[in-house]
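Here is the structure we will look at.
None of the figures in this text is laboratory data; all of them are computed from the coordinates on show. Source: prediction; values computed, not measured. FYI the Cβ positions are ideal-geometry reconstructions off the backbone, even for glycines, and counts take in every protein chain you see.
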Amino acid sequence: MNYQEARAQAQAQADALGFDFGIEHNKLFKTYSVFMLPQKTNRRGHELRCEVVHCSDLAKCKPGHGP
């Protein structure tokens, strides 16, 4: 998956579910992965280093998610 596909997938899932999603690049395989993030206070390790994608509609964001 390239970056544009990963970004589009992360944004679609964030908008649909109201949770933040992360995008991470795998340098070895040169691919991107998308995964759901926990609430801001519970993020550790790679969850703090990934690109975070927030829900477009802030009213739909779940508690602990969003900017």
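Here the Karplus curve 6.51 cos²θ - 1.76 cosθ + 1.60, taken at θ = phi - 60°, turns the phi angles of the stretch 20-26 into couplings of 6, 10, x, 10, 10, 9, 9 Hz, with x standing for Gly and Pro. Taking label positions 7 Å along the Cα-Cβ direction at both A59 and F35, the computed distance is 3.3 nm, reported to one decimal.
Could you tell me which of rounded, prolate or oblate describes the stretch 2-67, using a ≥ b ≥ c as the square roots of the eigenvalues of the alpha-carbon gyration tensor, with rounded for a/c under 1.5 and, failing that, prolate when a/b is larger than b/c and oblate otherwise? Taking the square roots of the gyration eigenvalues as a ≥ b ≥ c, the stretch 2-67 is oblate. Counted by neighbouring Cβ atoms within 10 Å, the residues H54, H46 run from fewest to most as H46, H54.
Sorted on the mean count of surrounding Cβ atoms within 10 Å across their residues, most packed first, peptides 31-37, 57-63 read 31-37, 57-63. The simple spin-label model puts a point 7 Å past each Cα toward its Cβ; for Y3 and E51 those points are separated by 0.5 nm.
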